[in-house]
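Trainee: Starting off with a structure, shown below.
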Amino acid sequence: MRARYGIPLGITAAGAAGLLYAAGFEARSFRLRRVTIPVLPSGMRPLRVLQVSDIHLVSGQRKKQRWLRSLAGLRPDFVINTGDNLSDPEGVPEVLDALGPLMEFPGAYVFGSNDYYGPKLRNPARYLFEKAQGRHGLNGNPPAVDVIHNPWEDLRDGFDAAGWLNLTNTRGTLKIEGTSIELTGLDDPHIKRDRYAEVSGGPSDAADVSMGVVHAPYLRVLDSFTADGYPLVLAGHTHGGQLCIPFYGALVTNCDLDTDRVKGLSTHTSQGRTSYLHVSAGCGTNRYTPIRFACPPEATLMTLVGRD
């Protein structure tokens, strides 16, 4: 009897323990990633940029809100929000409250699909099937139907009132102690809202440093930013793979980016040019899959330094 049932029961117990760890501990084990990126002109003072992404806030997530508020203690020069703030139509006031201390600093934002639409319950295995078939988001899949519409306008108005730049298929400029930072943003490629033709042309000669900002790091977008000469592109969306295998890494990116660049700092090359790419693993999860494994939630403090 023991030989017959011992192994299945052991596997079940291990699976239950792993699920409890992934949902109860790791999904709430917030981290700060720190990277240094040489993209400034030689001799310019370093700039500290805080990137927050994929908050996916659900009402009542108090620990996440406290952690986000605490990030203001880092005193960044400016903040970049790369989208997917919501996972609850009622969550806008709590997002604005959690980000309130950060909105005291200069900043800019783009939206992701979950800012516009509420999540739907789906089998996580579908991400593997879609990857095998080359389908991601609305890129090759039929349009979503019967979706929940989030009050993204309220979120936009809150960010705008704080003075953050809305980079929805447009350009903007921040002035930090005499330094001109040009930001070129796109709406979310995951739901085909990106319009690169409206912002093409590359960095302005008048800017001290330029960067591209987008939610989902689809290759068509990275190719365009890089070919146009942007030295740095910031993105989110991937959740770092969310459910990873220890010592192996991510299985999916939920877009056509390869898993080797699913999170952190890497590079991208297009038409003979190379840009730095930073993909945030984000600090949240879809409300229907509130687990992370071997991929803690995070924000990133980037120190931009001179190229030399």
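The values are calculated or read from the model by the stated rules, or taken from the named source; none is laboratory data. Treat the numbers as computed from the prediction; the structure is a model and nothing was measured. For neighbour counting, all protein chains shown are included, and Cβ atoms are generated from backbone atoms with ideal geometry for every residue, glycine included. The protein model used for the area step is the full one, side chains on, heavy atoms only, and it has no ligands, DNA or RNA in it. Shrake-Rupley method; radii C 1.70, N 1.55, O 1.52, S 1.80 Å.
Trainee: Would you compute, from DSSP H runs of 4+ residues alone, the mean residue ellipticity of the chain at 222 nm, taking -39500 (n - 2.57) per run and dividing by the full residue count, rounded to the nearest 500?
Mentor: The per-residue figure over the chain is -7000 deg cm²/dmol.
Trainee: Sticking with this structure for a sec: Could you pull out the longest piece of the chain with no exposed loop chymotrypsin sites (Phe, Trp or Tyr not before Pro) in it, calling a site exposed if DSSP puts it outside H, G, I, E, B and it has at most 14 other Cβ atoms within 10 Å?
Mentor: That gives 26-246 as the longest site-free run.
Trainee: List the trypsin sites (Lys or Arg not before Pro) within the range 144-195 that fall in a DSSP loop (any state other than H, G, I, E or B) and whose Cβ has at most 15 other Cβ atoms within 10 Å.
Mentor: Here the trypsin sites (Lys or Arg not before Pro) that fit, given the DSSP loop and packing criteria, are K192, R195.
Trainee: Only helices at least 15 Å long along their axis, Cα-based, and averaging 0.5 or more on Kyte-Doolittle count here, so list those DSSP H runs from the chain.
Mentor: 2-24
Trainee: Quick check on the chain: of the DSSP beta bridges with both residues there, what percent are antiparallel, nearest 5%?
Mentor: 40
Trainee: Using the Kirkwood radius built from alpha carbon pairs, what does the Stokes-Einstein equation give as D for the range 33-306 at 20 °C and 1.002 mPa s, in µm² per second?
Mentor: Estimated diffusion coefficient is 115 µm²/s.
Trainee: If you don't mind, there's one more thing I want to ask. Go ahead and set up a Gaussian network model of the chain, Cα springs under 10 Å, then flag whichever of V52, V147, V209 fluctuates most.
Mentor: Checking each option, the largest mean-square fluctuation is seen for V147.
Trainee: Leaving out ligands and nucleic acids, and using a 1.4 Å probe, what accessible area per residue does the chain come to in Å²?
Mentor: 45
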